[in-house]
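Worksheet: one structure, shown below.
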Amino acid sequence: MTAPDRLAAVRVAVFDLGSTSFQLLVGDVEPEGGLTPVARDRVVLNLGADVAATGRVPPGALDRASQVVRRFRDLADRAAVDAVIPVATAAFREAVNRPELASTIEAAIGTPLRILSGDLEARATVAGIRASVTIDADPWIAIDLGGGSLELALVDDGRIRWTETFPLGAAWITTTLVRTDPMSRGDRRAIKAEVKDLLAPARERSGAPEGALCIAAGGTAGALARLLAAERWPSPPASLNQFELRLDALDDLSRELADLDQSERLDLPGIGVFGADGAVHSEWGLREGVILEEIRVPVPASPGDVRAASVARLARRWGPEGEHQGTVRTHALELFDETEELHGLGAHERELLAHAARLHDIGVRISPDKSHRHGAYLVEHGGLRGFSPQEVAMMASMIRFHRGAGWPKPSYGPFAGLDQEERAACQVLTGILRIAYGLGRADESDVVEIGAKIRRGELRIVVSGSANPEGAVAEAEERAGVLERAIGRRIRFEIVPEGTLVTRPG
């Protein structure tokens, strides 16, 4: 999809003027409708606390807000953006001096300000989540907890069926319900009672089924994800997109923080009320959704579309993409299918192998000699959408060890963060990718088909070639040790005449 005439820009800046902080996002809109963030900034102003306490934004706070948006405008201009979209949320909606706020901010930016209703805020958040998270459940609930309000949306059969806004933002709760610092038990009981009183009837209004998937965006969800990730991993992943926030882990974290100042702000009201046992974190939300709605990006047709499009963008950005990448991918999938009875892995692992094979050479532009190291770094830090941290770690590990010494090592952070089952799968997939890479290093015509069979306890990989497959097989033999170790079988290669193999359908 190309961007429509309504927004011809290719680089867009969004100013998100929230109740707790003002945030800047600069993103590149790609021809097919994708979005690549290129710059971010954030300044905490806590306007929501002022509005909750007095009903208005005082002059001093408004002056600071004006200075911040001027700086954002300067950053946007220096980034050569083609369009600026300033949006404001709960603090601006609720302030009695809203006209003064809007006119002051508009004068500072030089662009009309959009003060979003709760419904529009929820819909933009849904658009951001859809482009960030692989969603294979229906219906599902979007949660966006900000400083001034909580937005909820129910999405069913691809359509937003219900949205509602609640005065349950962190700043509003702290200002109106908290009497002591740190919070007393009475404060916490008051907060829980308020949440239940507001959200229990909302669930009935929404029609959401018990245990519907919850996907949480926004700063509070991000803070919770970082805290839980720090408990799980010694060195947390670069991206926590699609990280699971389990309700039992959130309860444990709440108890740990119970005696700290403002601890109850780190909570996601509504998960328990809707009968869910946790939520999935989306790194994208309102800001990204504002851009995506502006360019009218279509809803992903299938759960895998978000992942596939994200991998394609990273491959295009770094390349190279040619016959070699396609050949290695084909060989890897053929070998995966032919050895399925040995490794017992399924469609999920096959998909990760396919993506890793497509991206295995993206580090070449940085350093041909160390492309595997740089390629793994790009996968870790490339902002891939639709993948969990564990899935990103598995793909990065495959790329990191498809060359060199080979056997995935716990000294490599992403691999160390996998559990035992994920490590075992990653070792098999890495072994397959190494052999496919070896077979693909020769001319494309040197290897036509791959088959596999088990004889006398050995795995025999049978290769059919039209010209000179011996060179490709020699490369593959040097790299076979990882798969041998992973499956506990010796591997031998055989070359047979072209046309004598019958392989499974791809």
So for the pair Arg246, Asp82, with labels modelled 7 Å out along Cα→Cβ, what separation do we get in nm? 4.6
Return the equivalent ellipsoid semi-axes of the stretch 279-409 as a descending list in whole Å, where each equals the square root of 5 times an eigenvalue of the C-alpha gyration tensor. 26, 19, 14
How much length is gained if the chain between Ala405 and Asp181 is pulled fully straight, taking 0.36 nm per residue apart and subtracting their Cα-Cα distance, in nm to one decimal? 75.2 nm
Label-point separation, Glu458 to Arg64 (7 Å along Cα→Cβ), nm: 7.4
With 0.36 nm assigned to each residue of separation and the Cα-Cα distance removed, Ala474 to Glu256 gains 72.8 nm
Computed about the Cα centre, the charge dipole of the chain from +1 Lys/Arg and -1 Asp/Glu charges at the Cβ has a magnitude in debye, to the nearest 20, of 780
Given a 1.4 Å probe, the accessible area of the chain per residue, as a whole number of Å², is 43
The stretch 113-264, accessible surface, carbon-and-sulfur percent (1.4 angstrom probe): 48
Take each of the peptides 451-459, 384-392, 312-320, average the number of other beta-carbon atoms within 10 Å over its residues, and list them starting from the highest. 384-392, 312-320, 451-459
Subtracting the Cα-Cα distance from 0.36 nm times the residue separation, let me have the gained length for Asp41 to Arg161 in nm, one decimal. 39.9 nm
Residues whose built amide H sits under 5 Å from the amide H of Gly383, excluding neighbours closer than 5 in sequence, are none
Tell me the label-point distance for the pair Asp369, Val96, using the 7 Å Cα-to-Cβ offset, in nm and rounded to one decimal. 7.1
Rounded to the nearest whole number, the Stokes-Einstein translational diffusion coefficient of the chain at 10 °C and 1.306 mPa s (Kirkwood radius, C-alpha pairs) in µm²/s is 64
Residues of the stretch 28-72 with amide N under 18 Å of a point placed 7 Å along Cα→Cβ from Ala107: 57-72
If amide H atoms are modeled at 1.01 Å from N in the peptide plane, then the residues at a separation of 5 or more from Glu30, or on another chain, having amide H under 5 Å from its own are Leu35, Thr36
Rounded to the nearest 5, what is the percent of antiparallel bridges among the DSSP beta bridges in the chain? 65
Could you give the Stokes-Einstein D for the stretch 166-251 in µm² per second, using the C-alpha Kirkwood radius, 20 °C, 1.002 mPa s? 140
Under a 5 Å amide H to amide H cut-off, with H placed in plane at 1.01 Å, what residues pair with Ala88 once short-range neighbours are removed? Leu17, Arg114, Ile115, Leu116
In the chain, if the dipole is taken from +1 on Lys/Arg beta carbons and -1 on Asp/Glu beta carbons about the Cα centre, which of Ile215, Thr36, Ile129 is farthest to the positive end? Thr36
Dividing the Cα radius of gyration by the Kirkwood radius, what Rg/Rh value follows for the stretch 50-169? 1.03
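The values are calculated or read from the model by the stated rules, or taken from the named source; none is laboratory data. If you're wondering where the values come from, they're calculated on a predicted model, not measured in any experiment. So basically every Cβ, Gly included, is an ideal-geometry build from the backbone, and we count neighbours across all protein chains shown. These area figures cover heavy atoms from the full protein model, side chains too; ligands, DNA and RNA do not enter into them. Shrake-Rupley method; radii C 1.70, N 1.55, O 1.52, S 1.80 Å.
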